[in-house]
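Okay, so here's the structure we're looking at.
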Amino acid sequence: MAAVLSGFTVVWLIIAVGFVLGRLRVLGPEARVVLSRVAFFVASPCLLFLTISGSPIREVVGPQFAIAAMSAFVMLGVFLLVGRFLLPGRSGADLVIGGMSASLVNSANLGFPIAAYVLGDISLAAPIVMFQLALYTPIYVALLDQLTIGKDSTVRVRPRARTEVLRRVGQTLLNPMIIGCALGLLFSWQGWRLPEQIHEFVELLAGASIPLMLLAFGLSLVGSHPLDKASGRRRDVLIATGIKLLLHPGLAYLLAAFVFQLDGVMLLAAVVMASLPTAQNVLVAAVRYGTGEAIARDTVLVTTILGIPSMVAVALLLA
C-alpha cells in the first residue's frame, strides 16, 4: 500500500509541475502540443520498443491483452445500448463517440507512468497500448467512416469512402506507436537485440517519454471547464463517465479474477489499466469527423480529474 501511494505521489507531482508551468505560461501557448508530439512521435515509440522487445511475446498478447479487448468492447456495447433508450435523438456517430469515451483509455499519457511508478513494471501497459492501436483504432475509424458518409465533401462522400478508409488504414499502420509495437514484437519473437550504442541511444530517448507525457497532461488541465450546460450533452458525459470509471474496472476485475484466474500484481494491473481515464484520441476522432465533440471533450476532462483518485482507490483495495 505504501508503494502504491508513493507511486501515485510521484505521478501527481510531475502533473502538478506541468499544471503550474501552464498557469504561469512559462513554456508558451503551444507547449502542450509540442511536448505531446515529441512524446508521441519519438520518445513513446522508443519506450514501447524497449518494453515489448524485452518481454516474452506471450506476455504482450496474453491475458492482459484479452482483458483489455473484452472489457473495452463490452463497455462500447453498454453505452450504445443505454444511449439508445436514454439519449433520444443522438446520431449513430454521436453514440459511437460516447461509447469510445466510455471504453478507450489513456494508455500512453497515463498508462506508462502508472505502470512504471505504481505497478513497478512498464511492460504491464504494453498489452493495452497494443490492443488500442493495432485493433481498436482501425475498428472505430472504419465505423465512423461508414456512419458519417455523405455528411460533407471530404471523407463523407460515397465515391471517396473506400479511398478514405484505405488511407486511414495506411495512416494507422504508419502510426509511430504501432511501428514501435511491431518492431518490439519482432525482436521479442526472434530474440534479437540492438547493438550496444544503438540500444543506449534508444534508451535515452525512451527515458524522456514519461516526464513529457505527464507534463503535457498537467498542461492540458489548465483552463478546463467540463459539463457546460450549454453543450446539451451533460447526460451523455455523465453516462460515459460512470461506465468508464465504475463498470469498466469492475468488468476487468471479474475477467481477470474469475475467467483468467489472475492474482497479485497481474490482477492489480488489469483493473488499474481499465481504470485509466478516457484517452484524448476520442476528442481527436470527434474533431476529425465533426461529431460528438462536446461529449468527447467533457468526458476526457471529467474522467481525467476523477480518474487518478479512482485508481488510487482501486489500487488500495487490491494492494
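Legend: P(r) of the stretch 54-132 from all alpha carbon pair distances, 5 Å bins from 0, whole percents, reading 3, 16, 20, 19, 14, 11, 9, 6, 2, 0. When each of ILE15, ILE128 is scored by the number of other beta-carbon atoms lying within 10 Å, the sequence from fewest to most is ILE15, ILE128.
Just order 288-298, 196-206, 70-80, 304-314 by mean Cβ neighbour count inside 10 Å, highest at the front, would you? Write down the numbers at each step before the final one.
Details: 288-298: 22.7, 196-206: 13.2, 70-80: 20.3, 304-314: 18.2.
So the order, starting with the most tightly packed, is 288-298, 70-80, 304-314, 196-206.
Of HIS248, HIS225, the sequence from fewest to most neighbouring Cβ atoms within 10 angstrom is HIS225, HIS248.
Applying a DSSP loop filter and a limit of 16 other Cβ atoms within 10 Å to the trypsin sites (Lys or Arg not before Pro) in the stretch 9-49 leaves ARG25.
Positive end of the dipole of the chain (Cβ unit charges, origin at the Cα centre): among LEU133, PRO211, VAL282, the Cα lying farthest that way belongs to VAL282. Each stretch of four or more DSSP H residues adds -39500 (n - 2.57); spread over every residue of the chain, this sum gives -21500 deg cm²/dmol at 222 nm. Which FRET efficiency, nearest 0.05, do VAL10 and PHE258 yield, Cβ-Cβ r, R0 41 Å? Efficiency, from the Cβ-Cβ distance: 0.80.
Ordering THR51, THR137 by the number of other Cβ atoms within 10 Å of each residue's own Cβ, fewest first, gives THR137, THR51. Among the trypsin sites (Lys or Arg not before Pro) within the stretch 189-241, those in coil by DSSP and having at most 12 neighbouring Cβ atoms inside 10 Å are ARG193.
Treating r as the C-beta distance of HIS199 and ASP121 and R0 as 22 Å, the FRET efficiency rounds to 0.70. Ranked by the mean number of other Cβ atoms within 10 Å of their residues, highest first, the peptides 183-189, 255-261, 103-109, 281-287 fall in the order 103-109, 281-287, 183-189, 255-261.
For the chain, the Cα gyration tensor yields ellipsoid semi-axes of 29, 23, 22 Å (square root of five times each eigenvalue, largest first, whole Å). For the stretch 40-104 versus the stretch 257-290, the inter-centroid distance based on Cα atoms is 6 Å.
For VAL105, the residues 5 or more places off, or on other chains, whose built amide H falls under 5 Å of its own are ALA279. Summing Cβ point charges (Lys, Arg +1; Asp, Glu -1) relative to the Cα centre of the stretch 2-318 gives a dipole of roughly 1080 debye.
Bear in mind that the values in this text are calculations on the coordinates, not laboratory data. Because the structure is predicted, anything quoted here is derived from the model rather than measured. Neighbour counts are summed over all protein chains in view; Cβ atoms, including those assigned to glycine, are modelled from backbone coordinates with ideal geometry.
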